[in-house]
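The values are calculated or read from the model by the stated rules, or taken from the named source; none is laboratory data. Note that this is a predicted model, so its numbers are computed, not measured. Cβ: placed from backbone, ideal geometry, glycine included. Neighbour counts: every protein chain shown.
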Amino acid sequence: MRYLPLLLAPLLALILPLASAAPRDVKTQAVYDYLLGVWGKSTLAGQSDLTWRDSVDMAQRVHDDTGKYPALMGYDFMNYVDATEGDGRHQTEEAIAWDARGGLVSFHWHWRIANGKFYTKETPYRLPAADYRQIDADIDRVALELKRLQDANVPVLWRPLHEAAGGWFWWGTSREGYIALWRHMHERLTQKHGLHNLIWVWNGQDPAWYPGDDVVDITGYDVYENNYAEAWRKTAQHGKPIALTETGHIPDLQDGQRWLWFMVWNDGRGEAGVTSPDNFWTGEHHNSNAHKRKIYGDPNIITLDRLPKF
């Protein structure tokens with residue numbers, strides 16, 4: 001049973017997944033087609049940027065340890081809405097620069113609502129009774145950044161409203177409210193704002209929270225407890241490509257799951273090389289340096305140098 005997902009991934013990849021109804025420009029479609037083509041055969045290496053400390057170059061930390069750069073960098077709109085000036089307000093520029101180097105770009109959004117908080121325990125905001133005037137104002141603010149990326153011809157693997165079923169974020173306080181919010185955001189960004197550079201990535205962490213094939217392109221799961229097989233099984237039922245959208249430890253391909261990409265979470269405030277639970281890349285708490293080099297040197301792992309020109 002351990003190796004069943006590894007056997008299934010190439011078979012599932014032969015069945016052309018039903019794409020969402022989101023419009024796509026030429027470059028975004030090319031990226032989507034490429035991802036469909038490699039899924040089940042290869043895995044893209046991904047690294048999350050350190051949103052709250054602009055001076056740290058996470059891609060460079062990866063290169064320093066492995067000799068290679070990730071194919072995919074993950075960014076966060078956390079400090080673009082209801083937050084002060086400072087670190088984390090240059091994610092759009094960093095993403096444009098990464099695209100110029102030939103890399104792929106992912107964005108998620110730790111959505112600070114009303115009082116500047118996103119954790120359920122820290123904000124009174126609840127779904128489905130939330131004030132949609134505030135919600136729409138925030139979506140419109142983020143749409144400005146996504147439009148800047150579109151104008152720069154940058155496709156975005158867009159992963160909003162993540163980990164909803166866990167309940168620790170305010171957008172996860174109601175399954176029905178969450179699904180309605182996802183569909184509302186999809187319509188507002190694609191129809192009202194005319195965005196066509198988005199590939200929609202869903203990782204609600206529970207199949208019951210799935211918002212529908214017409215508003216999802218890629219499914220994912222955030223795994224920090226090493227239960228990769230269970231995460232893969234839960235996500236595979238949607239018939240979409242499956243990504244490891246956040247992780248601490250990088251699984252071996254031989255572990256039995258063929259992810260479209262893996263995305264290692266970012267470091268804390270420690271310096272490069274410091275071993276600490278807060279440092280998900282640097283140091284050796286989550287991955288030994290030997291393991292990092294092994295993964296990045298695997299012929300089935302796609303790094304920046306192996307990406308085509310889109």
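Quick check: is even one residue across segment 283-290 crowded, with 16+ Cβ neighbours inside 10 Å, in contact with a helix residue (DSSP H, G or I) (Cβ under 7 Å, 6 or more places away or on another chain), of a type outside the set (A, V, I, L, M) and in a helix (DSSP H, G or I)? Within segment 283-290, not a single residue is crowded, with 16+ Cβ neighbours inside 10 Å, in contact with a helix residue (DSSP H, G or I) (Cβ under 7 Å, 6 or more places away or on another chain), of a type outside the set (A, V, I, L, M) and in a helix (DSSP H, G or I).
The set of residues in segment 232-249 being surrounded by 24 or more Cβ atoms within 10 Å (Cβ to Cβ) and more than 21 Å from Gly37 (Cα to Cα) consists of Glu246, Thr247. Ala229 fulfils the conditions (1) within 21 Å of Leu35 (Cα to Cα); (2) crowded, with 16+ Cβ neighbours inside 10 Å except for a single criterion, (1). Out of Pro211, Pro308, one residue alone is surrounded by fewer than 20 Cβ atoms within 10 Å (Cβ to Cβ), assigned to a loop (DSSP other than H, G, I, E, B), at pLDDT 95 or above and not hydroxyl-bearing (Ser, Thr, Tyr). It is Pro308.
Looking only at residues of segment 220-256 that are outside any loop (DSSP other than H, G, I, E, B), farther than 12 Å from Pro207 by Cα and of a type in the set (Gly, Ala, Ser), we find that the one that is farthest from the chain's Cα centre (by Cα) is Ala229. Filtering segment 150-166 to residues that are under 20 Å from Trp182 (Cα atoms) and either without any contact (Cβ under 8 Å) to a residue 60 or more places away in the chain or out of contact with any His (no Cβ under 8 Å at 6 or more places or on another chain) (or both) leaves Pro155, Val156, Leu157, Trp158, Pro160, Leu161, Glu163, Ala164, Ala165, Gly166.
For first residues located in segment 267-279 and farther than 15 Å from Asp54 by Cβ, partners that are surrounded by 12 or more Cβ atoms within 10 Å (Cβ to Cβ) and hydroxyl-bearing (Ser, Thr, Tyr) and lie 6+ apart or on another chain with Cβ distances below 6 Å form the pairs Gly270/Ser276; Ala272/Thr282; Gly273/Thr282.
Annotation: of all residues in segment 57-76 being in contact with a Leu (Cβ under 9 Å, 6 or more places away or on another chain) and under 21 Å from Arg159 (Cβ atoms), the one that is surrounded by the most Cβ atoms within 10 Å (Cβ to Cβ) is Pro70. Just one of the listed residues (Asp49, Asp54) is within 18 Å of Gly268 (Cβ to Cβ), crowded, with 20+ Cβ neighbours inside 10 Å, in contact with a helix residue (DSSP H, G or I) (Cβ under 9 Å, 6 or more places away or on another chain) and charged (D, E, K, R), and it is Asp49.
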